[in-house]
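Engineer: Mind looking over this structure? Questions follow.
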Amino acid sequence: MTAIRPAVEADLAALHPVVERAYRGDSARAGWTHEADLVSGERTDLASLRALLDGDSRLLIALDGDTILGCVNIASRGDGLAYLGLLCVDPALQAGGIGRKLVAAAEATARNAFAATHIEMTVIDRRAELIAWYVRHGYLASGEIRPFPVPLDPPLSMVVLVKQLFDQR
């Protein structure tokens, strides 16, 4: 049974390798949501993960017992807007519903903790299958394109996806 809860500092050392396996390197290719063919190097570090624990940000983790299966970050951007990022599931466990549960938990957190009325995220424009997954879950392309946060050659772009959040009380 998958449980989802906010991460605490003690979770970060075990979470970091899950994030790296899900996004980068050969291990990421075992799943379908990786960036391994587009971006190399570390996806994140412990200091960056630690920063997601404070303020108007929540880092949620999915667990099976004590084993971390994946995570998602949800952060308030103010004025009813939340940002969803860092969604990942261990590559060996992808396509089993864990990502869907993490997104639902992030959306509920956005509504309940930040009074968000809408949520946005960015996805690398070349990730058509991932964009399609988000569209199936209610996210729509806004038409806005943003640069990838790290300069690369060739450069990558990010598609902005948005979803209206409805009060589910």
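The values are calculated or read from the model by the stated rules, or taken from the named source; none is laboratory data. Note that the coordinates shown come from a computational prediction; the quantities given were computed from them, not determined experimentally. So basically every Cβ, Gly included, is an ideal-geometry build from the backbone, and we count neighbours across all protein chains shown.
Engineer: List the number of the failed condition for Ile68; all other conditions in (1) of a type outside the set (Lys, Arg); (2) within 24 Å of Ser48 (Cβ to Cβ); (3) in a helix (DSSP H, G or I) hold.
Structural biologist: Every listed condition holds for Ile68 apart from (3).
Engineer: Same structure, new question: Can you name the number of the only condition in (1) buried (at least 16 other Cβ atoms within 10 Å of the Cβ); (2) at pLDDT 95 or above that Pro91 fails?
Structural biologist: With (1) buried (at least 16 other Cβ atoms within 10 Å of the Cβ); (2) at pLDDT 95 or above applied to Pro91, the lone miss is (2).
Engineer: Still on this model: More than 15 Å from the chain's Cα centre (by Cα), assigned to a strand (DSSP E or B) and either acidic (Asp, Glu) or surrounded by fewer than 23 Cβ atoms within 10 Å (Cβ to Cβ) (or both), is that true of Arg77?
Structural biologist: Spelling it out, Arg77 is indeed more than 15 Å from the chain's Cα centre (by Cα), assigned to a strand (DSSP E or B) and either acidic (Asp, Glu) or surrounded by fewer than 23 Cβ atoms within 10 Å (Cβ to Cβ) (or both).
Engineer: Do you know which of the residues in the range 3-18 that are farther than 20 Å from Glu107 by Cα and surrounded by 15 or more Cβ atoms within 10 Å (Cβ to Cβ) is modelled with the lowest pLDDT?
Structural biologist: The selected residue is Val18.
Engineer: Identify, please: which residue in the range 108-119 is part of a helix (DSSP H, G or I) and either at pLDDT below 95 or out of contact with any Gly (no Cβ under 9 Å at 6 or more places or on another chain) (or both) and is, among those, nearest to Arg136 (Cα to Cα)?
Structural biologist: Ala108
Engineer: Could you go through the range 121-144 and let me know if any residue there is exposed (fewer than 12 other Cβ atoms within 10 Å of the Cβ) and at positive phi.
Structural biologist: yes
Residue by residue, here is whether (1) polar (S, T, N, Q); (2) in contact (Cβ under 8 Å) with a residue 60 or more places away in the chain; (3) closer than 13 Å to Tyr83 by Cα holds:
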| site | (1), (2), (3) |
| --- | --- |
| Ile98 | no, yes, no |
| Ala108 | no, yes, yes |
| Ala115 | no, no, yes |
| Ile145 | no, no, no |
| Pro149 | no, no, no |
| Pro154 | no, no, no |
| Met158 | no, no, no |
